[in-house]
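The values are calculated or read from the model by the stated rules, or taken from the named source; none is laboratory data. Only a predicted model underlies this, so the values are computations on that prediction, with no experimental measurement involved. Reconstructed Cβ throughout: ideal geometry from the backbone, glycine too, with neighbour counts over all protein chains shown. Only protein heavy atoms, including side chains, enter the accessible area calculation; ligands, DNA and RNA are left aside. Shrake-Rupley method; radii C 1.70, N 1.55, O 1.52, S 1.80 Å.
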Amino acid sequence: RGRVHRSEPVRLRRHRAVVDAVDQDVLGRTTRHRFAPSVALMSAEQLSSLPSVMSTTDVPRRDAFAYWQDLICATFVRLTAQPRGEGPFHGQIEHVSCGVVGLSRVTAVSQTVRRTRSLIARDDEEFLLASVLLEGRGRVEQDGRVAELSAGAMAFYDSARPYSLQSDEPSCQLVVQV
C-alpha cells in the first residue's frame, strides 16, 4: 500500500471517549480513522498542537460572514472585514500553534480585511505576520506602502499598526504569526 500524502490537516471530532478523524489525500480520497480513548484524553496543551479546521460551512449561510469575522478575530487579532462579492460567503481557516508561532492556512472568497487604530487600541498583543499567497491575487497595505501579491509572493505586516488586506478573487494563503 502506498503512502498517503496529507494535503489537508486531520479534522477531529470528539465522541464520548473516541475520536474520529477525517483525512484526505492529494487525489481527494477521504479516509476515516478512529483513535483510541487515550487520544480523546489528551491534555489541553497536546490538543492545541493539533490542527483545527474552522469553516463557514459549519453555520447557516445567512450567518456565514458574521461567523467568519469572529473566526479571523479569534485566530489573529481584532479585525473588520467586508465581503467584496455578491454571492454567498465562504471561508475556512486551518490553524495550528507551534509554541509561540501560529500557522494558518486561510481560504476565502473575495474580501477586504482591515486593522484600524481603534481596534489596535483595544488589543494588548502585538504580532508580526507574514502572508504567503498560495492561490489567487491579493493586496497588502500598511504605512502608505502597497504590496501586490500573486501566488508564491509574501508580505510582512505588523499588527501594532493599521493595515488592510484585500482580495478581488478567491484566494488561499499561509499566515505565519509570531
Task: Selection count, the stretch 168-178, where residues are closer than 20 Å to A74 by Cβ and either free of Cβ contacts under 8 Å to residues at least 60 places away in the same chain or assigned to a strand (DSSP E or B) (or both) - done: 6
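State the number of residues belonging to the stretch 68-78 that are of a type outside the set (A, V, I, L, M) and open to solvent by 60 Å² or more (accessible area, probe 1.4 Å). Explain how you work it out, then say what you get.
Taking the stretch 68-78 as the starting set, the residues that turn out to be of a type outside the set (A, V, I, L, M) are 68-70, 73, 75-76, 78.
Now narrow it down to the ones that are open to solvent by 60 Å² or more (accessible area, probe 1.4 Å): 70, 78.
Number of matching residues: 2.
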Task: Condition broken by W68, with the remaining ones in (1) more than 19 Å from L174 (Cβ to Cβ); (2) among the hydrophobic types (A, V, I, L, M, F, W, C); (3) at pLDDT 95 or above satisfied - done: (1)
- [ ] Determine whether A108 is open to solvent by less than 40 Å² (accessible area, probe 1.4 Å) and over 13 Å from the mean Cα position of the chain (by Cα).
- [x] no
Open item on the list: Going through V53, V59, V100, V96 one at a time, which residue ends up being modelled with pLDDT under 95, in contact with a Gly (Cβ under 9 Å, 6 or more places away or on another chain) and not aromatic (F, W, Y)?
Closed with: V96
Open item on the list: Taking the conditions exactly as written (hydrophobic (A, V, I, L, M, F, W, C), more than 16 Å from the chain's Cα centre (by Cα) and modelled with pLDDT of 95 or more), does L119 satisfy them or not?
Closed with: yes
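One line per residue, one yes/no per condition, for (1) surrounded by 17 or more Cβ atoms within 10 Å (Cβ to Cβ); (2) within 23 Å of S52 (Cβ to Cβ):
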site	(1), (2)
V101	no, yes
M154	no, no
R161	no, no
L165	yes, yes
Task: Residues that are among the polar types (S, T, N, Q) and surrounded by 15 or more Cβ atoms within 10 Å (Cβ to Cβ), drawn from the stretch 111-126 - done: Q111, T112
